[in-house]
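Only the coordinates and a few stated rules stand behind these numbers; no lab work does. Remember, it's a predicted structure, so these values are computed and weren't measured experimentally. Using ideal geometry, Cβ is built from the backbone for each residue, glycine included, and neighbour counts are taken over all protein chains shown.
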Amino acid sequence: MSASCGLIRPWWPLRVHQVPIPLLHLQLQLSPLSVVEHLPMAATVSVVFTDEAIAVSEERTSLSLIGRIFGPAPSTGSLQHFLVDVWNCKGSLTVLPMPAGLVQFIFSDPLDRKKVLAVTPWIISRFMIHVQEWEEPSEEVAQSLIRVPLDVQLWDVPYERLTTLMARCLGSAMGDLKDAAVYVGSETCGAFLHVRVALDVSAPLPQTVSASHVANSKGPFKALVLFERLPLFCFCCGVIGHSGRRCARASEFVGKPLPYGRHTGTLKHNTNLRPSVIADRECSKVTSDIINPGSRSTAYSVIIYYLAN
C-alpha cells in the first residue's frame, strides 16, 4: 500500500512522509495509546486468547490487595522483607509498585491477605499503609485510598452529652463514620467519646469539632480532637506523611507558634485496653517520652497530636 492513498504501512516506526496530515496532528496532540485507537484497521494485529492465558494472572489478583503508602517507607525490596515480619505472614509476600502511586501486595496464603485487610490501616513507625480489595489501578482507586479510617477521641464534651448518639453526630460531621462509642475511662483519665472515621489524609486533619443545639436552648460546645495513632505528622500544615522540617510552609512559622501545636499532653486512654483498667504508669510513661527531648519518643506510633496553645 502506498502513502499516496492515505493509508499507513503496517510496520513501525513510520517515517513522517508516510503519515497523513490528520494522523500527524493526532500524534502531536494525543498520547501514544490514543494514536493507536485512531489507527486504520490495516495497522491493527488481532489475537484470540484462551482462559489458560489469563489463569495465572487471575489467580495472582485474587490473592492481592491494592494500597497506598503514606510517609517515608523503605525501598520496595526492604519493605517486602520488613512486612513479612510485621504482618507475621505464614506464606510469601510480593510488593509491586503500580501507577498512580499505588502498590500491589500479592500473598501466597489467603489467610495472610484476610488478616492484613481486616486491620487496615497499618501504622508502622513513621509511615502508614492503607489497603483495600484488589481493583485495576486507576486515579479513582488512588483517590478512594486517600480516605483512611482513623481512631479518634473527642474530649471536652459536656458530661450530659456523652452519648453514643452524640458520638455518631460528631463523627459523621468529620467524615465517613465507621463506629462510635462512649468511654467512661478511669479516675485518672476521665470520659470521652470515641469514633472511627474515614478522613481525607491529603488534607489537614481537624483539631476541633463544634456543635450547637438545634433550638439554641442548650449551649454550644467545642470538642477537642485527639488521634490515637498517626504516622509522621507535620505540625506546620497538619498533613501526615512529612515532618515540619520538610514542609513547604515551614519558613512561614520561623519564630512563631506552630498552628498544630506541639506534644504537650499525655496519652489519656488506649482503646486497646478496657476503659477501666488503664494505669497511671501508662500516662506517666508516655508523658516522659513526649516531653523529654532526650528520649527516643514513640510519638508518631502511639501518640495523638494536640490542639495548638
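Across segment 102-118, the residues whose backbone nitrogen lies under 16 Å from the label position 7 Å along the beta-carbon direction of residue 135 are 102-105. Just to verify a number: FRET efficiency for residue 76 and residue 215, C-beta to C-beta distance, R0 = 51 Å, to 0.05? My answer for the efficiency is 0.35.
Each residue of segment 103-112 was assigned a 3J(HN,Hα) from its phi angle through the Karplus curve 6.51 cos²θ - 1.76 cosθ + 1.60 (θ = phi - 60°); the sequence is 9, 9, 10, 10, 9, 8, 10, x, 5, 4 Hz, with glycine and proline shown as x. Between residue 45 and residue 159, the modelled label-to-label distance comes to 7.9 nm, taking each label 7 Å out from Cα in the direction of the beta carbon. Annotation for residue 59 and residue 253: the two label points, set 7 Å from Cα along the Cα-Cβ direction, are 5.2 nm apart.
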